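First the structure, in the form of C-alpha cells, and then the observations on it.
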C-alpha cells in the first residue's frame, strides 16, 4: 500500500495560490456586507486585496458586479483601484469589455454632467485616462465625446490627460483622429495657459502629423512658444526647441530675432536644452 501524498508545502507557490483562490468568495461576500458598504476604509482594504490577488494571476472576475458597485465613491484611492480592475478585465476578457466600457462611461458622464457632484478634477482625469486605456477598437465610438469634452475642461490636468488620450486612440485608429476636428483643436490649444498642456499638444501633433513631416508651424506659433519658453520645465523646453528647429524663417531679421530670444537657453544647466538650442542655431544659420 502506497504512502499517502504529503500535504502541499506552504513554501509551494501552488499552496499560496490555492489558498488565495479560496478567499475570493469571502471577499465577494464582504463587499456585499452592508457594514462594509458604509465604511470606506474597510471597503478600500478589501478592494486592495482584490487587486493584490489579480496581480498574482488569480482570476477575480467572479466579483465583477460587486466591484462595479464600488465605483460610486468619494474615495479617490478606491476609485482608482476600481478603474484599474475594470480596465484590466476589459483588455483581457471580451465578455466583460462592454460592461467595463458602460461602467466607465456612466461614471464619467455623472462626474462631468452632474453639477451637484462638484468632483475633484483628478477624478475626472482618472475616469478619462481609464477610458482611454481600454485598448479596444469597439470602444472608439464611445470615447469621442468624452475626449472632445476634456479638451475644454476648466482643469489643466483633465485637458492634458485628454491630449494624451487622443494619442492613445490614434495608435488604434489613425484615420479616426485625422478625420476629426481634434487636430484643429490641438493646434488651437498650443496657446493654452498651462505649459504642460502645450507640451502634450506639441508631442501629440508631431506624432499625428508624422507622415506630413511633423507639426506645421508658422511665425506666430514659433514666437508665441519662444516668448513663453521660460514657463516650461526642461522636457517642455526641449519640445519647443524641436519645433523651432524645423521652422524656416523668411528673413535674416527674423533669424536674428529668434536667436536673440534663444540665447539664454545656452546658459541653462540642462544639457538636453543646451543641445536643443544649439541645434536650432545650426538649422537657422544653415544655408
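May I ask you to verify whether residue 90 is modelled with pLDDT under 80 and closer than 27 Å to residue 132 by Cα? Spelling it out, residue 90 is indeed modelled with pLDDT under 80 and closer than 27 Å to residue 132 by Cα.
Give 188, 239, 257, 233 a once-over and let me know the one that is under 21 Å from residue 161 (Cα atoms), out of contact with any strand residue (DSSP E or B) (no Cβ under 7 Å at 6 or more places or on another chain), modelled with pLDDT of 90 or more and surrounded by 15 or more Cβ atoms within 10 Å (Cβ to Cβ).
Details: 188 fails: surrounded by 15 or more Cβ atoms within 10 Å (Cβ to Cβ); 257 fails: under 21 Å from residue 161 (Cα atoms); 233 fails: surrounded by 15 or more Cβ atoms within 10 Å (Cβ to Cβ).
On inspection, the qualifying residue turns out to be 239.
Return yes or no: is residue 158 within 17 Å of the chain's Cα centre (by Cα) and within 21 Å of residue 231 (Cα to Cα)? Yes; evaluated as a whole, the condition is true for this residue.
When you check residue 176 against the structure, is it modelled with pLDDT of 85 or more and assigned to a helix (DSSP H, G or I), yes or no? Let's see the steps before the verdict.
Numbers: modelled with pLDDT of 85 or more: yes; assigned to a helix (DSSP H, G or I): yes.
It is true that residue 176 is modelled with pLDDT of 85 or more and assigned to a helix (DSSP H, G or I).
May I ask you to list the residues in segment 46-68 that are part of a helix (DSSP H, G or I) and exposed (fewer than 14 other Cβ atoms within 10 Å of the Cβ)? 48, 52, 55, 62, 65 - these are the residues of segment 46-68 that are part of a helix (DSSP H, G or I) and exposed (fewer than 14 other Cβ atoms within 10 Å of the Cβ).
Selection of segment 123-139 for residues being in a helix (DSSP H, G or I) and under 13 Å from residue 173 (Cα atoms) yields 132, 137, 138, 139.
The values are calculated or read from the model by the stated rules, or taken from the named source; none is laboratory data. Since this is a predicted model, take the numbers as computed values, not measurements. Note: ideal-geometry Cβ built from the backbone for every residue, glycine included; neighbour counts use all protein chains shown.
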